[in-house]
Amino acid sequence: MDFISPVIGVVHCLCISVAARLSYALNVDKRIDSLSTALNELKDKRDDLKRQVGRAEVEGLTCTSQVKGWLQRVEDIEAESSSVIEDLGRGGRCCVGRNACCSSYKRSKKASKLLSRATELIGKGAFDVVADNPVPDAVEEVPSRPAVGLNMMLERVRQFLADDEVGTVGIYGMGGVGKTTLLKIINNEFLTRSHHFDVVIWVVVSKEFVADKIQRAVGARLGLPWEESEGHEQRAHKIYRLMRRKKFLLLLDDVWEGIDLLKVGIPVPEKTNKCKVIFTARSLHVCTGMNAHQKLRVEFLGEEDSWKLFCENVGEKGILDSETIRAYAGTVVRKCGGLPLALITIGKAMANKETEEEWKYAIEVLNRSPSELRGMKDVFALLKFSYDNLETDALRSCFLYCSLFPEDYSVEKELLIEYWIGEGFLGSSHTGYVYDQGHALIGSLKVACLLETGEERTQVKMHDVVRSFALWIASECELSNRFLVEASTGLTEAPRADNWKHALRISLFDNGITTLAEIPECPRLSTLLLQWNSGLNKISNAFFQSMPALRVLDLSFTSLREIPASISELVELRHLDLSGTKITSLPKELGGLTKLQHLDLQRTHSLRIIPREAISGLLQLRILNVYYSYGVWEQQDNEVGFADLQCLKHLTTLGITIDELNTLKRLYSFSGLLKVIQYLYIIQCDGLFYLQLSLNSSFGERLRRLSINNCYNLQYLQVDEEAGQKWLPSLEVVALHGLPNLETVWKNPVTRESLQNLRSVNIWHCRRLRNVSWVIQLPKLEVIYLMYCKEMEEVVSRSGIAGEDSKAFQSLRTLSIRDLPKLRSITPWELAFPSLESIAVIDCPNLKQLSIKTHNTSALPTVYGNKEWWDGLEWNEASSETAFVPHFMPI
């Protein structure tokens, strides 16, 4: 019977197994219900948790890894449970047949396991923290528009980023020029390019709460909490402790003043820590205040890029298929002056304009009142930040004054300063300090990117959009400061007198006005600019009688032959410009303008009579300019003479014309006048064999322009030996015309210390002159004109100089030579001419070489000349000819 016991054990085990299986198979409904109940509880818990995570993410937090894992496991068990419940429901819950019973058993057992897992998940679904501060990415993308015309700037910034010696870079330029776009592109480039920075931080700074903005933005990128209870220094210490261990790139947009980075908590970028700071600003002053190692000005777009950006914003290309509309669009683009913000704004405004009339009207609006064009007030609002940030009211007034000139017009800085003095912007002092102040104000406006350098270095101009903004400020935004400006608009008649009544300043500069017949009432008018109305030949006699506040009057380069007697009513007049007019005499009434400080009569070639009364009463006169004008200085009854001029005790600047040798000799006896002569024109002085400039009597010390014409006996110019090396320190222009016996220009040896400010040399019809070797000594020489000098063989001769000079002609921009039949060479050896922009050679058949080095082919000057002459040139190397070919322009 021993064998029975094992059999009974096996049977017992089988019974237990079968019972268990029967239990799974027979209790299917109960298990499904239990699993469904558990799943519903799990889903509720999941949904509650997801809502908590959602709220946390809105606040900038990130879901914890534990929560993410729990939610994923819930998703997995939910999918598995759905499948099992669906199978059990589809297969029935009765155990009929051996196979059905087994299948029910397996599914029921799986449901039991899922129930166990669900119960466990429910127990683990309680979290104290569902989200926390995220670990910041090295770079966060900032929204940006595509770059147009910024590739060169981007490449420069990339070079600075790669240079360990450059820690801080300042990007500056006018509002709307694309600085922020450039900085955003720099930021976003680090999303895809490899780099060594641990973190790239973007901060918009602006004008208010600068330190807080930077600390908040930097702290957020580093994962630091912002505690309102903490002081500025506490935050700075926390930020510094983290930042000093990181290689960072800090991008600061729209900085308005210098920032002490250490006080904010930012370590100073330097070579050792390999950190960088790049910022944008509207002023070069800010770049200096931020101690920028490199300063990069964002320039205006060129024509091609401007057109591309404009078309992108117009959008519908079909609009521009019309040749007429395309021409109008070209005008609009030019008026934007390459300013991206204006191109984008106006492009969008024109996006749906499909008719020629709409485009024509848009141009009229841009000319007359650009603020009325949709979006332009936003452009002006951006520029107004720069205007409001100017330091003084005087600087703001000077800025607005620049809008009186035509679009894209380059105005001489000196003339602008004289206007400002006349207006009273620069105080009452008349020393050199006032002029220095004026130049400083111009510098401040240029640094603020509200003025630009003009066509010449002595000039400035205003960008078209900035000018429109200034006129908006002066004429619309500030009603108390109204300007009436119709400069270069093609007027043939002056605006009606009614429009003048409330004006503070009026500019009708450069139009076709021929007559001023009305008598306007202008009680507040302080500036009236009428110059370059070349046909203006008549002003009514009573025209000036109702302008009691007028301080600046410019009638230059008109066709006026007489000045109305009512000019005597201008009792506040300080500045009167009559240069280039056709007047034959000055009215006696002029002498009643006792506050007049500046009287310009240069190039009034018809002026023959200056009554003593017209000048003797001008006791405040500082500047009197009769250069290329009146030359009758011999004492005559009732006409002005040297003695009358010497009585003008405030006179600091005199421009004078001498047309007789005896007059020149008499001038030498008026030492007070010799000291203030800045412009000297000598014409047809027979018997003048040499011109003596005596620095002992200060004659020549302040001389800026010297012009000598048709003095047939003149052989040379000479300065007293006592002058030493530094003679004629102020001379800027020398013009020598029609001097057939001139053998040498200067009797004195010219050295580097003499003629230090001479910029222009103009010599015509001096047939005995063989060279002008002395010009090689002039450090600031910019322009040389040599024409009709039949005996000239060399511009610079080998015998006239000691040897090759690497500093020679560093500033020369223009060289023009004509009808020099014997000319063989410009210089005895090739020189770099680093600033030369153009060289013109006409009728110089024996000149076979240009004497210009070709080491930098991109900086070669444009060469103008006859094709036959060009083909006959000889070159030391074939590569030199190849380099010059693209720069030759046949004439």
Problem set entry | For peptides 348-357, 164-173, sequence by mean Cβ density within 10 Å, most packed first | 164-173, 348-357
Problem set entry | Angle between the chain longest axis and helix 65-91 axis [Cα atoms, degrees, rounded to 10] | 50 degrees
Exercise. Quick one: length gained pulling E793 to E562 fully straight, 0.36 nm per residue minus the C-alpha distance?
Worked result: 78.3 nm
Problem set entry | Mean Cα-pair separation over length for segment 378-481, i.e. relative contact order, pairs under 8 Å, 6 or more apart, % | 35 percent
Seminar exercise, completed: Taking Cα atoms only, helix 179-189 is inclined relative to the longest principal axis of the chain by an angle, in degrees rounded to 10, of 40 degrees
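Would you mind calculating the relative contact order of the chain from Cα pairs under 8 angstrom and at least 6 residues apart, reporting the percent as a whole number? Display every interim value, and only then the final one.
Numbers: 1783 pairs, mean separation 38.5, N = 891.
Averaging sequence separation for qualifying contacts and normalising by length gives 4 percent for the chain.
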Problem set entry | Charged-residue dipole, Cβ positions (Lys, Arg, Asp, Glu), the chain about Cα centre, Debye nearest 20 | 2660 debye
Problem set entry | Cross-link partners of K50 among lysines (Cα-Cα below 29 Å; sequence separation of 8 or more within a chain) | K68, K110, K113, K124
Exercise. Which lysines have a Cα lying under 27 Å from the Cα of K588, excluding residues fewer than 8 positions away in the same chain?
Worked result: K538, K649
For this session: Quickly estimate the mean residue ellipticity at 222 nm for the chain, helices only: each DSSP H run with n ≥ 4 gives -39500 (n - 2.57), and the total goes over all residues, rounded to 500.
Result: -10500 deg cm²/dmol
For this session: DSSP loop (so not H, G, I, E, B), at most 12 other Cβ within 10 Å: list which chymotrypsin sites (Phe, Trp or Tyr not before Pro) in segment 660-728 pass both filters.
Result: F689
For this session: With label points built 7 Å along Cα→Cβ from the Cα atoms of H439 and Y668, find their separation and express it in nm.
Result: 3.3 nm
For this session: Normalising by the residue count of segment 151-297, find the relative contact order in percent from Cα pairs under 8 Å and 6+ residues apart.
Result: 40 percent
Exercise. Going toward the positive end of the dipole of the chain, with +1 on Lys and Arg Cβ and -1 on Asp and Glu Cβ, which of T458, T489, A448 do you reach last?
Worked result: A448
For this session: For N291 and E141, compute 0.36 nm times the residue count separating them, minus their Cα-Cα distance, and round to one decimal in nm.
Result: 51.2 nm
Seminar exercise, completed: Once phi for every residue in segment 467-475 is put through the Karplus expression 6.51 cos²θ - 1.76 cosθ + 1.60 (θ = phi - 60°), the whole-Hz ³J(HN,Hα) values, with Gly and Pro written as x, are 4, 4, 4, 4, 5, 5, 4, 6, 10
Problem set entry | Chain lengthening between H605 and C647 when straightened (0.36 nm per residue, less Cα-Cα) | 12.6 nm
For this session: Excluding residues fewer than 8 places away in the same chain, name every one of the lysines whose C-alpha is closer than 20 Å to that of K790.
Result: K822, K848
For this session: Round to the nearest 10 and give me the degree value, 0 to 90, for the angle of helix 98-123's Cα axis relative to the longest principal axis of the chain.
Result: 50 degrees
Problem set entry | Estimated Rh, segment 255-319: Kirkwood, alpha-carbon pairs, angstrom | 15.0 Å
For this session: Would you mind working out the magnitude of the charge dipole of segment 711-810 relative to its Cα centre, with +1 at each Lys and Arg C-beta and -1 at each Asp and Glu C-beta, to the nearest 20 Debye?
Result: 200 debye
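Using the structure shown, select from K413/K747; K780/K853; K213/K413 the pairs with a Cα to Cα distance greater than 30 angstrom.
Beyond 30 Å: K413/K747; K213/K413.
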Problem set entry | Over the chain, volume per residue of the alpha carbon convex hull, in Å³ | 297 Å³
Problem set entry | Debye-sum result for segment 605-754 in log10 I(q)/I(0), which assumes one identical scatterer on each alpha carbon, at q = 0.20 Å⁻¹ | -1.33
Seminar exercise, completed: For the chain, the charge dipole (Cβ of Lys, Arg +1; Cβ of Asp, Glu -1; about the Cα centre) points to a positive end, and the Cα of H575, Q620, S880 closest to that extreme belongs to S880
Problem set entry | Signed unit charges on C-beta, dipole axis of segment 312-374, positive-most listed residue W359, A349, G337 | G337
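Read-outs: derived from the displayed coordinates by stated rules, not from any lab. All values reported here derive from a predicted model rather than from experimental measurement. FYI the Cβ positions are ideal-geometry reconstructions off the backbone, even for glycines, and counts take in every protein chain you see.
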